[in-house]
Amino acid sequence: MLKERLKRIGVWFLTASLLMGSVQFPARAEETPERVNVALDAEASASEVESGTDFTADKAIDGDRDTRGSRWGTNKDSSPVWMQLAWDDVQVI
């Protein structure tokens with residue numbers, strides 16, 4: 001009888017532990033850091049720009065997600081290509 005009771009209690013604790021471990025509680029407002037796009041304050045440079053376009057590196061970080069022409073582009077056959085961002089101050093990300 002005692003053995004069965006202990007077994008039931010153990011199963012109950014195991015079930016409760018699994019349920020509590022899978023539940024995600026929302027963070028309190030003061031614990032949620034403000035999201036900041038640090039790229040908006042950077043200076044962008046790149047290895048090249050797609051010929052005949054103005055798809056310069058700065059367009060990749062201008063914050064414009066709606067305009068099709070607001071992007072960085074390179075020539076199709078170029079390899080390797082790169083883009084780098086530089087800031088005046090150290091950034092924490």
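The values are calculated or read from the model by the stated rules, or taken from the named source; none is laboratory data. Small disclaimer: the values here were computed from a predicted structure and weren't measured. A quick note on method: Cβ atoms are made from the backbone with ideal geometry, for glycine too, and the neighbour counts reach across all protein chains shown. What goes into the accessible areas is simple: the full protein's heavy atoms, side chains included, and nothing from ligands, DNA or RNA. Shrake-Rupley method; radii C 1.70, N 1.55, O 1.52, S 1.80 Å.
Residues in region 63-93 that are surrounded by 12 or more Cβ atoms within 10 Å (Cβ to Cβ) and hydroxyl-bearing (S, T, Y): how many?
The total comes to 2.
Please tell me if S70 is more than 23 Å from the chain's Cα centre (by Cα) and either at pLDDT 95 or above or among the polar types (S, T, N, Q) (or both).
Considered against the rule, which asks whether it is more than 23 Å from the chain's Cα centre (by Cα) and either at pLDDT 95 or above or among the polar types (S, T, N, Q) (or both), S70 comes out as no.
Cβ-Cβ under 8 Å, sequence separation 6+ or interchain: first residue in region 75-93 and on the phi > 0 side of the Ramachandran plot, partner modelled with pLDDT under 90 and open to solvent by 90 Å² or more (accessible area, probe 1.4 Å). Which pairs?
none
Restricting attention to region 1-56, and to residues there that are open to solvent by 100 Å² or more (accessible area, probe 1.4 Å) and among the aromatic types (F, W, Y), which single residue is modelled with the highest pLDDT?
If we take residues in region 1-56 being open to solvent by 100 Å² or more (accessible area, probe 1.4 Å) and among the aromatic types (F, W, Y), then W12 is modelled with the highest pLDDT.
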